[in-house]
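Engineer: Here it is, the structure, as structure tokens.
The values are calculated or read from the model by the stated rules, or taken from the named source; none is laboratory data. Please read these numbers as outputs of a predicted model, since none were measured by experiment. When we count neighbours, we look across all protein chains shown, and the Cβ atoms used for this are built from the backbone with ideal geometry, even at glycine. The area values use the complete protein model at the heavy-atom level, side chains included, leaving out ligands, DNA and RNA. Shrake-Rupley method; radii C 1.70, N 1.55, O 1.52, S 1.80 Å.
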Amino acid sequence: MSDGVVIVGTGVAGATAALALRSGGYDGAVTLVGREPHLPYRRPTLSKDVLLAGMEVEKALLKPATHWDEAGIAVRTGVTVTGGDTGAHTLELSDGAALGYDSLVLATGGAARHLPGLEPGPRVKYLRDYADAVGLRDELGRAGSVIVLGAGLIGSEVASAAAKLGATVTVIERAPLPLARVVPPAIGRRLGALQRGAGVDLLLGVRPGAITVDPDQVAVALPDGAAVVADLLVVAVGSAPDTGLAERLALRVDDGILVDERYRSSAEDVYAIGDCARVPNPIEGGTYRAENWSAAQDQGTAVAQVLLGGAPAPTVPWGWSNQFGAVLQFAGWPAADDALEVDGTVEAAEGGTFVARCSRDGALVGAVAMGRPKELRAVRGELAEKITGARVP
């Protein structure tokens with residue numbers, strides 16, 4: 001017996017795919033399966049509203065419970081897929097149930113990278129899901145001092161929240177600048193100035209040494225022999241795609257589930273979207289993992305278009321980060337070594353807004369902006385047109 005379309009993962013990618021199937025006229029069964037106990041919720045709120053304002057999960061839900069029922073979408077929470085057979089189109093669930101499918105969409109997301117031997121506890125926190133955010137929020141409310149390992153998007157947002165809550169904050173980053181993998185150096189310097197302007201002790205180009213966790217404090221050794229001591233340590237050193245199920249199903253995996261431009265995996269009728277998927281880069285070739293909310297949402301819509309028999313609309317990854325009183329926005333595929341065409345100024349001393357168009361080998365690849373949402377949308381549109389044009393025979 002088939003359960004129509006089964007979507008594994010209740011994040012925004014999976015939830016959007018389910019909703020887009022219904023809005024597109026699909027009348028077969030749609031089942032969402034997720035390991036978390038909650039209905040699909042807005043994950044960007046974790047490092048923002050949950051940490052700072054104590055938002056409860058009910059207010060972060062993508063849709064109320066009644067909406068899923070009315071749409072005829074079965075949402076099975078608190079359960080995982082333990083295995084399956086892609087040839088027989090069947091799945092086995094952790095609660096002992098089984099599902100058959102016509103089409104299977106893997107939207108399993110990712111997991112926070114853990115440091116070996118450093119497990120979460122009262123003094124050590126990671127941030128990936130709502131339970132993590134609640135635990136971190138409670139400890140931030142008590143901590144007078146916080147160490148954040150990593151100055152990427154999550155690390156910077158956690159540092160911003162901790163500073164706003166009144167904690168003394170130290171950020172330790174091995175790269176020479178914040179968000180070094182995401183933005184060019186000039187913008188990284190602007191972000192570093194924002195952190196230091198908020199009182200954060202930002203240690204860049206520093207490889208942390210031994211980490212000692214005691215009942216009352218945590219200490220991180222530094223290369224010069226000194227140590228930073230705090231009440232709480234937050235580890236934000238990136239994420240890894242959750243490919244466990246894909247591997248059990250014998251799909252092709254290489255730092256993500258490998259898919260084509262229609263999100264098809266190496267197994268028939270099995271697709272992958274969101275943080276777990278490695279998709280073709282339509283601008284530069286090769287593949288990439290988008291790892292942000294907006295891209296996951298766009299891919300959810302796109303895979304629904306494929307399942308409905310259409311062609312997926314071009315997706316250009318984009319996202320934003322709220323940190324230290326500023327909103328950083330990015331679109332496309334910006335990188336540290338891009339050439340910049342700046343409207344405004346990225347200089348920290350001058351402040352103000354800017355949009356920086358990022359080019360590689362003379363071709364536009366993305367943009368990074370602060371306070372220029374209209375211009376950023378325009379760059380997204382340009383990139384989408386380039387993708388569409390490249391697809392025309």
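Engineer: Of the options 18, 38, 110, report the single residue whose Cα projects farthest towards the positive end of the charge dipole of the range 1-120 (beta-carbon charges: Lys, Arg +1; Asp, Glu -1).
Structural biologist: 110
Engineer: Sticking with this structure for a sec: Expected output is a single nm value to one decimal: the length gained when fully extending between residue 343 and residue 22, i.e. 0.36 nm times separation in residues minus the C-alpha distance. What is it?
Structural biologist: Details: separation 321, 0.36 × 321 = 115.56 nm, distance 4.19 nm.
The span from residue 343 to residue 22 would gain 111.4 nm if fully extended.
Engineer: Note down the net charge around residue 97, summing +1 for each Lys or Arg and -1 for each Asp or Glu among other residues with Cβ under 12 Å from its Cβ. Walk me through the intermediate numbers first.
Structural biologist: Details: positive: 76; negative: 3, 92, 95.
Computed value for this residue: -2.
Engineer: When ranked by the protection proxy of mean other Cβ atoms within 10 Å per residue, highest first, what sequence do the peptides 230-241, 284-295 form?
Structural biologist: On the way: 230-241: 21.2, 284-295: 17.5.
The densest-packed peptide leads the list: 230-241, 284-295.
Engineer: Are there GluC sites (Glu not before Pro) in the range 9-84 that DSSP puts in a loop and that have at most 12 other Cβ atoms within 10 Å, and which ones? Walk me through the numbers before you get to the answer.
Structural biologist: Values: sites: 56, 58, 70; in loops: 56.
Passing both the DSSP loop test and the Cβ count: 56.
Engineer: Let me check against my output: what whole-number percent is the relative contact order of the chain, with C-alpha pairs under 8 Å and at least 6 apart? Intermediate results must be reported in sequence, preceding the final value.
Structural biologist: Working: 864 pairs, mean separation 62.0, N = 393.
Rounded, it is 16 percent for the chain.
Engineer: Gain in length, residue 98 to residue 374, computed as 0.36 nm per residue apart minus the alpha-carbon separation, to one decimal in nm?
Structural biologist: Values: separation 276, 0.36 × 276 = 99.36 nm, distance 4.75 nm.
That works out to 94.6 nm of additional length.
Engineer: On to the next question. Arrange the peptides 29-36, 358-365 so that the one whose residues have, on average, the most other Cβ atoms within 10 Å appears first.
Structural biologist: Sorting 29-36, 358-365 by mean packing, highest first, produces 29-36, 358-365.
Engineer: How are the C-alpha pair distances of the chain spread across 20 Å bins, as whole percents from the shortest bin up?
Structural biologist: Using 20 Å bins, I get a P(r) of 27, 56, 17, 0 for the chain.
Engineer: Continuing with the same structure: Can you order the peptides 99-106, 374-381 by their average number of other Cβ atoms within 10 Å per residue, highest first?
Structural biologist: Highest mean packing first, the order is 99-106, 374-381.
Engineer: Mind putting a number on the dipole of the chain about its Cα centre? Charges go on the C-beta only, +1 for Lys and Arg and -1 for Asp and Glu, and I need it in Debye to the nearest 20. Don't skip to the answer; put the middle values down first.
Structural biologist: Details: 35 positive and 46 negative charges, 145 e Å.
Dipole size: approximately 700 debye.
Engineer: Roughly to the nearest percent, how much of the accessible area of the chain is carbon and sulfur, given a 1.4 Å probe? Present the calculation step by step, with values, prior to reporting the outcome.
Structural biologist: Details: 8380 of 16750 Å².
The computed percentage sits at 50.
Engineer: Here is a further query. Give the share of C-alpha pairs in each 10 angstrom bin for the range 208-306, from 0 to the last occupied bin, in whole percents, shortest bins first.
Structural biologist: Distribution as computed: 14, 33, 17, 18, 16, 2 percent.
Engineer: Obtain the nm distance between the two label points defined at residue 70 and residue 227 by a simple spin-label model: each point lies 7 Å from its Cα along the Cα-to-C-beta direction.
Structural biologist: The two pseudo-label positions are separated by 5.8 nm.
Engineer: Calculate one ³J(HN,Hα) per residue across the range 260-267 by plugging θ = phi - 60° into the Karplus curve 6.51 cos²θ - 1.76 cosθ + 1.60, and present them in order as whole Hz with x for glycine and proline.
Structural biologist: Going residue by residue, I get 8, 5, 10, 6, 7, 7, 7, 10 Hz, with x marking Gly and Pro.
Engineer: Using the charge dipole of the chain (Lys, Arg: +1 at Cβ; Asp, Glu: -1 at Cβ; taken about the Cα centre), state which of 245, 7, 362 has its Cα farthest towards the positive end.
Structural biologist: Checking the options against the dipole of the chain, the answer is 362.
Engineer: Per-residue accessible area for residue 204 at 1.4 Å probe radius, Å² rounded to 10?
Structural biologist: Probe radius 1.4 Å; accessible area of residue 204 about 40 Å².
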